[in-house]
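The values are calculated or read from the model by the stated rules, or taken from the named source; none is laboratory data. Since the model is a prediction, treat every value here as computed from it, not as a measurement. Heads up, the Cβs are rebuilt from the backbone with ideal geometry, glycines too, and the neighbour counts pull from every protein chain shown. For accessibility, only protein heavy atoms count, side chains too; no ligands or nucleic acids. Shrake-Rupley method; radii C 1.70, N 1.55, O 1.52, S 1.80 Å.
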Amino acid sequence: MMKNKVIPDVNQKPWVERSLEAVWHPCTQMKHHESFPLIAITHGKGAWLYDEKGNAILDSISSWWTNLFGHSNPRINQAINAQLEKIEHVMLAGFTHPPVVELSERLSALTQHNLGHVFFASDGASAVEIALKMSHHFWQLQNKPQKKKFVCLANGYHGETLGALAVTDVAIFREAYGSLLQDVFTVPSPDARIAKAGESAEVIAQQAAQALEILFAKEHHQIAAMIVEPLVQCAGHMAMHSPEYLRQVRALCDRYEIHLIADEIAVGCGRTGKFFACEHAGIWPDFLTLSKGISGGYLPLSLCMTTEKIYRAFYSDQTQQGFLHSHSYTGNPLACAAALACLDIFASDNILEKNLSQANLLADAFAWAKADPRITHWRQQGMILAFDIQEQCLQAGNIFPREMFSASLAEGVLIRPIGNTIYVMPPYILTADEILQLGKAVQRALNKVLA
Ligand SMILES: *Cc1c(COP(=O)(O)O)cnc(C)c1O
């Protein structure tokens with residue numbers, strides 16, 4: 001029998017070191033922490049995180065793309081506190097509460113009621129599962145049970161539970177679990193980086209749509225839905241594509257009776273310049289998922305919005321014709337209150353309009369990278385800016401991300417490269433000066449790492 005782990009003496013070791021014994025950290029080879037220490041965060045304010053030694057770290061990736069309006073935002077704090085005095089949580093089956101009603105109505109209005117029904121969960125992967133299950137179930141209800149396969153993009157990411165992982169094409173997350181995952185159709189990504197000299201992003205979008213059409217024409221009778229991350233495949237190295245692709249996909253899905261699932265978990269909530277990324281293409285999907293930014297990075301909240309047509313298909317006297325899916329914290333009132341406070345900030349502070357100038361400042365602060373011969377594929381979509389380090393500038397072994405992470409921290413900035421891609425995805429509240437600082441700090445860190 002294996003021995004239980006040695007129980008550390010809590011009085012002898014600092015809490016950061018005890019974290020490595022008691023906490024199994026996400027998305028981490030724990031052994032790497034032998035050489036890369038954990039960052040011990042005690043508090044945050046605005047765009048800044050503070051470690052226990054009092055070092056300030058600029059949170060330029062919004063704490064895994066969740067934070068929109070800064071840490072410890074007084075207005076969101078206040079909204080959660082006020083809700084806390086009323087009701088912290090109540091089950092949403094058979095019960096309801098004001099924040100979940102108001103949030104559903106306001107989100108529906110933001111889609112001009114094209115997506116008028118909101119199903120809640122807690123994390124992003126669950127919202128994706130909901131979209132997949134609803135689509136699958138819908139086709140059964142339409143007496144087309146053979147329509148049950150999903151189509152996803154090469155290099156796409158939709159979360160790491162088994163259903164969401166099946167439509168994810170990021171090798172490092174899938175490798176060990178391949179035999180647990182359902183079969184899917186994977187089509188070429190419209191990634192604009194593959195354009196040859198003189199080719200536009202639209203041409204690449206056309207080509208990717210043509211490949212999709214070939215698949216649809218042949219297999220549509222067995223396809224339930226296609227899932228995409230509109231405009232930016234975030235976990236897939238921040239690969240960006242033309243909105244033209246979304247228009248073509250919408251038309252093809254209509255023609256072949258296939259649902260379109262827009263996974264806006266990362267790109268929604270104003271990140272790309274509009275509230276929903278789909279708005280850039282002037283289309284609405286059949287399902288739209290949100291999470292991450294929706295609660296301002298405060299509390300776990302996710303949701304799947306859908307159409308009247310899909311909602312009606314489930315509406316029946318038969319229990320089992322309903323969508324019998326639930327999570328314990330579905331539509332949590334505190335999380336909904338945080339989300340409502342965020343929607344208030346969007347409206348009262350003209351965030352979408354302000355983000356246009358924020359994005360320009362970001363571009364200016366990283367103008368140096370456009371001219372840097374070590375860098376290729378400089379790209380930006382709203383409040384996401386990314387570029388790739390030329391392969392020949394990197395040493396063998398895959399340590400660039402961790403080295404860049406450490407070097408950036410030494411410069412007071414949180415940067416977490418994806419492979420050879422450096423990106424920033426900051427909260428919307430950075431000052432012009434903070435944006436400038438960010439650009440310079442990343443340049444200094446990169447110079448050190450590539451020296
Ligand atoms: C983060 C992410 C998810 C998964 O959300 P979790 O809350 O981490 O489960 C799904 N889709 C996209 C596009 C994401 O970026």
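Only residues that are assigned to a helix (DSSP H, G or I) and surrounded by 14 or more Cβ atoms within 10 Å (Cβ to Cβ) were counted in the range 83-108, giving 10. Please indicate, with yes or no, whether at least one residue in the range 157-166 is of a type in the set (Val, Ile, Thr), more than 18 Å from Ala127 (Cβ to Cβ) and either surrounded by 14 or more Cβ atoms within 10 Å (Cβ to Cβ) or out of contact with any strand residue (DSSP E or B) (no Cβ under 6 Å at 6 or more places or on another chain) (or both). No, every residue in the range 157-166 fails to be of a type in the set (Val, Ile, Thr), more than 18 Å from Ala127 (Cβ to Cβ) and either surrounded by 14 or more Cβ atoms within 10 Å (Cβ to Cβ) or out of contact with any strand residue (DSSP E or B) (no Cβ under 6 Å at 6 or more places or on another chain) (or both). One residue stands out among those in the range 45-88 that are in contact with a Gly (Cβ under 6 Å, 6 or more places away or on another chain) and within 16 Å of the ligand (Cβ to nearest atom): the one that is farthest from Ala338 (Cα to Cα), which is Ser63.
May I ask you to verify whether Lys13 is outside the structural domain of Phe120 (by TED's automatic domain parsing) and open to solvent by 80 Å² or more (accessible area, probe 1.4 Å)? It is false that Lys13 is outside the structural domain of Phe120 (by TED's automatic domain parsing) and open to solvent by 80 Å² or more (accessible area, probe 1.4 Å).
The set of residues in the range 261-274 that are open to solvent by 10 Å² or more (accessible area, probe 1.4 Å) and either more than 10 Å from the ligand (Cβ to nearest atom) or under 18 Å from Ala359 (Cβ atoms) (or both) comprises Ala266, Gly273, Lys274.
Phe150 - would you say it is in contact with a helix residue (DSSP H, G or I) (Cβ under 8 Å, 6 or more places away or on another chain), among the aromatic types (Phe, Trp, Tyr) and either modelled with pLDDT under 95 or away from the ligand (no atom under 16 Å from the Cβ) (or both)? No, not satisfied.
Pull up the range 119-147, narrow it to residues that are in a loop (DSSP other than H, G, I, E, B) and away from the ligand (no atom under 15 Å from the Cβ), then point me to the one that is least open to solvent (accessible area, probe 1.4 Å). Within the range 119-147, the match that is least open to solvent (accessible area, probe 1.4 Å) is Lys147. Only one of the numbered conditions (1) in contact (Cβ under 8 Å) with a residue 60 or more places away in the chain; (2) touching a strand residue (DSSP E or B) at 6+ places or on another chain (Cβ under 7 Å) is violated by Phe138, and that is (2).
Here Ile294 passes the criteria (1) in a helix (DSSP H, G or I); (2) in contact with a Ser or Thr (Cβ under 8 Å, 6 or more places away or on another chain); (3) more than 15 Å from the ligand (Cβ to nearest atom) except the one numbered (3).
What are the residue pairs meeting all of these: first residue in the range 155-179, first residue on the phi > 0 side of the Ramachandran plot, second residue of a type in the set (Asp, Glu) and more than 10 Å from the ligand (Cβ to nearest atom), Cβ atoms under 8 Å, and 6 or more apart or on different chains? Partner pairs satisfying both residue conditions: Asn155/Asp169; Asn155/Asp191. For the range 183-197, the candidate set comprises residues that are touching a residue at least 24 places away in the same chain (Cβ under 8 Å) and open to solvent by 60 Å² or more (accessible area, probe 1.4 Å); within that set, the residue that is farthest from Glu219 (Cα to Cα) is Pro188.
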